[in-house]
Amino acid sequence: MNIYELIRRKRDRGRLAPAELAELVAGYARGRVPDYQMAAWLMAVFFRGMNADETAALTEAMMKSGDVFDLSGVAGPKVDKHSTGGVGDKVSLILAPLAAACGVVVPMVSGRSLGHTGGTLDKLESIPGFRTGLSPEEFRRNLEQVGVSMMGQTERLCPADRKMYALRDVTATVDSVPLIAASIMSKKLAEGIDGLVLDVKTGTGAFMSRLPQARRLARVMMGIGNRMGRKVVAVITGMWEPLGRSVGNALEVVESIEALKGNWPMDLEEVTLALGEEMLLLAERAGTRAQARRLLLRALSTGAALDRFRRLVKAQGGDPAVVDDYGLLPAARARVEVKAQAAGHVRSIDALQVGLLGVELGVGRAKLGDRVDPAAGFVFRHKVGDRVEAGGVLVEVHARSRARAAAVTERLQQAIVVGRTAPRTGGRVVARLARP
Ligand code: URA
């Protein structure tokens, strides 16, 4: 294959055939195509884009570069949820066991935190003993026995994506809609799912900060899924302020368990239930949204969802006693409060800035391979719209030392705007997209 010709054609606005894309991706995954040629091709795609056929063919080639789970032998509808990433987004920890308790089989391959956004694997691994590095056999066994399994991407799952993503990261080619869509969908389709609910974030703390971009990404991902015979729907949700009250790995585990016990802030409940409704509809466990909501609320109020979480933790080597004793989770040595300087209403909390300050504390990673601090993070005592008195605690910083906490407090204060009047606040669910 003449790689030079593929680069030139894309540079000149031409189209690539599925067989050409398959050869390019397989060649790169096996080391036959050098980084410099793949980088040039990615940059050509960044500027020229790809049509729907090319994007689907690229996705398929990336998916087929490694193992593809065959879950056809696992009884029940297999439906996953994927979020494009945000700050304080612990929805997967709540929704995966909740949907499983409603009869959906949830095979979930998740990611780690990178940049300002958090990662499900880092949150789960703050539970003592919890293993996310499962073999395909363990992954399948959990699905059969617990109805939910949560693991990380292995060496053998979409190796082309791992290599291409690392290259995009250093060549300024990450934020291209077809490349993001192919990267996400190749991993999700390799899970062996029947259906997928996408949570595409928009707002300051999101990958796609502007709504039209978020809609476009959602439509492209839905189109790929549908072309490959999977049912895919998308919900666009706001990421202007962190989701829920906590940002940080162990802190978000506590908030998730509390949510499963029915104690959750309104925004977290709204997003989780909206996505849960779509999962139950795709899995045909409910015929209408209202019916789906009733099933979800019943699984919460009867304790079935919490029980499913306990079983998931146990099946993956974790200590299920954390559900009743948060003292078993890592805790920060230093806690520092950031207080309101004047009375008023919280008008905004900049999610991006909170995420970046979290990286400084060790909540997330500046680059792949960095270690996270499972105990570090923030607990927001007041959310957007809340009234706060002068001297009232806005946010609690959890850190390894007082000095580390002190290093972020001033900027954290600046990220929270308190004004005299209450802001107009809408819901977090911006749009539901059902067809490509
Ligand atoms: N997440 C992914 O998995 N891939 C991208 O390209 C962007 C976000």
Cβ-Cβ under 9 Å pairs, at least 6 apart or on other chains, the stretch 205-216 side assigned by TED's automatic domain parsing to the domain that holds residue 115, far side more than 13 Å from the ligand (Cβ to nearest atom) and open to solvent by 90 Å² or more (accessible area, probe 1.4 Å): 205/240; 206/240; 208/215; 208/216
Quick test of your reading of the structure: residue 61 fulfils all but one of (1) open to solvent by less than 10 Å² (accessible area, probe 1.4 Å); (2) modelled with pLDDT of 95 or more. Name the failing condition by number. (1)
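Just to be sure before I move on: is residue 112 within 12 Å of the ligand (Cβ to nearest atom) and assigned to a loop (DSSP other than H, G, I, E, B) in the structure I sent? Write out each step before concluding.
Details: within 12 Å of the ligand (Cβ to nearest atom): yes; assigned to a loop (DSSP other than H, G, I, E, B): yes.
Criteria met by residue 112.
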Restricting the stretch 121-137 to residues that are under 22 Å from residue 183 (Cα atoms) and open to solvent by less than 20 Å² (accessible area, probe 1.4 Å), which is farthest from the ligand (Cβ to nearest atom)? 134
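Being open to solvent by 10 Å² or more (accessible area, probe 1.4 Å) and within 16 Å of the ligand (Cβ to nearest atom), is that true of even one residue in the stretch 181-198? Steps first, answer last, please.
Step one: of the stretch 181-198, the residues open to solvent by 10 Å² or more (accessible area, probe 1.4 Å) are 184, 187, 192, 194.
This time we only want the ones that are within 16 Å of the ligand (Cβ to nearest atom), so: 184, 187.
Yes, the conditions are met somewhere in the stretch 181-198.
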In the stretch 357-368, the residues that are touching an Asp or Glu at 6+ places or on another chain (Cβ under 9 Å), open to solvent by 10 Å² or more (accessible area, probe 1.4 Å) and either under 15 Å from residue 418 (Cα atoms) or not small (Gly, Ala, Ser) (or both): 359, 363, 365, 367, 368
One residue is enough: does the stretch 214-226 have a residue meeting the conditions farther than 18 Å from residue 86 by Cα, at pLDDT below 95 and surrounded by fewer than 24 Cβ atoms within 10 Å (Cβ to Cβ)? yes
Considering only the stretch 64-80, state which residues are open to solvent by 20 Å² or more (accessible area, probe 1.4 Å) and of a type outside the set (A, V, I, L, M, F, W, C). 64, 65, 66, 67, 70, 72, 73, 76, 77
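A quick yes/no check of all residues on (1) open to solvent by less than 70 Å² (accessible area, probe 1.4 Å); (2) assigned to a helix (DSSP H, G or I); (3) free of Cβ contacts under 8 Å to residues at least 60 places away in the same chain:
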{"site": "378", "(1), (2), (3)": "yes, no, no"}
{"site": "383", "(1), (2), (3)": "yes, no, no"}
{"site": "391", "(1), (2), (3)": "yes, no, yes"}
{"site": "394", "(1), (2), (3)": "yes, no, yes"}
{"site": "407", "(1), (2), (3)": "yes, yes, yes"}
{"site": "417", "(1), (2), (3)": "yes, no, no"}
{"site": "424", "(1), (2), (3)": "no, no, yes"}
{"site": "427", "(1), (2), (3)": "yes, no, no"}
{"site": "431", "(1), (2), (3)": "yes, no, no"}
Considering (1) among the aliphatic types (A, V, I, L, M); (2) within 18 Å of the chain's Cα centre (by Cα); (3) open to solvent by 40 Å² or more (accessible area, probe 1.4 Å), say which one residue 234 fails and leave the rest. (3)
Residue pairs within 8 Å by beta carbon, gap of at least six or interchain, first lying in the stretch 145-161 and β-branched (Val, Ile, Thr), second within 16 Å of the ligand (Cβ to nearest atom) and modelled with pLDDT of 95 or more, listed first then second, are 148/108
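Condition first: assigned to a helix (DSSP H, G or I) and more than 14 Å from the ligand (Cβ to nearest atom). Now tell me which residues in the stretch 217-238 satisfy that.
Of all residues in the stretch 217-238, those assigned to a helix (DSSP H, G or I) come to 217-227.
Within the stretch 217-238, 219, 222, 223, 225, 226, 227 meet the criteria.
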I'm trying to understand the selection: among the residues of the stretch 23-35, which are buried (at least 18 other Cβ atoms within 10 Å of the Cβ) and within 29 Å of the chain's Cα centre (by Cα)? 24, 25, 28, 29
Which one of the conditions (1) out of contact with any helix residue (DSSP H, G or I) (no Cβ under 7 Å at 6 or more places or on another chain); (2) crowded, with 23+ Cβ neighbours inside 10 Å; (3) of a type outside the set (Phe, Trp, Tyr); (4) at pLDDT below 95 does residue 89 fail to meet, given that it meets all the rest? (4)
List the pairs whose first member sits in the stretch 163-186 and is over 21 Å from residue 15 (Cα atoms) and among the β-branched types (Val, Ile, Thr), whose second member is outside any helix (DSSP H, G or I) and near the ligand (Cβ under 10 Å from one of its atoms), and whose Cβ atoms are under 8 Å apart, counting only residues at least 6 apart or on separate chains? 184/82; 184/84
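Is it the case, given these coordinates, that residue 54 is of a type in the set (D, E, K, R) and buried (at least 19 other Cβ atoms within 10 Å of the Cβ)?
Details: of a type in the set (D, E, K, R): yes; buried (at least 19 other Cβ atoms within 10 Å of the Cβ): yes.
Here the answer is yes, as residue 54 does meet what is asked.
Within the stretch 388-396, is there a residue that is among the small types (Gly, Ala, Ser) and touching a helix residue (DSSP H, G or I) at 6+ places or on another chain (Cβ under 9 Å)?
Here is the first cut: in the stretch 388-396, the residues among the small types (Gly, Ala, Ser) are 390-392.
Still in the list and also touching a helix residue (DSSP H, G or I) at 6+ places or on another chain (Cβ under 9 Å): none.
No: zero hits.
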Within the stretch 4-22, track down each residue that is surrounded by fewer than 17 Cβ atoms within 10 Å (Cβ to Cβ) and among the small types (Gly, Ala, Ser). 14, 17, 19
Filtering the stretch 138-178 down to residues that are among the aliphatic types (A, V, I, L, M), surrounded by fewer than 22 Cβ atoms within 10 Å (Cβ to Cβ) and within 12 Å of the ligand (Cβ to nearest atom) yields 166, 167, 174, 177
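The values are calculated or read from the model by the stated rules, or taken from the named source; none is laboratory data. In this text, all values refer to a predicted model and were calculated from it rather than measured experimentally. Backbone-built Cβ (ideal geometry, glycine too); neighbour counts: all protein chains shown. Quick note on the areas: whole protein, heavy atoms, side chains included, nothing else; ligands and nucleic acids left out. Shrake-Rupley method; radii C 1.70, N 1.55, O 1.52, S 1.80 Å.
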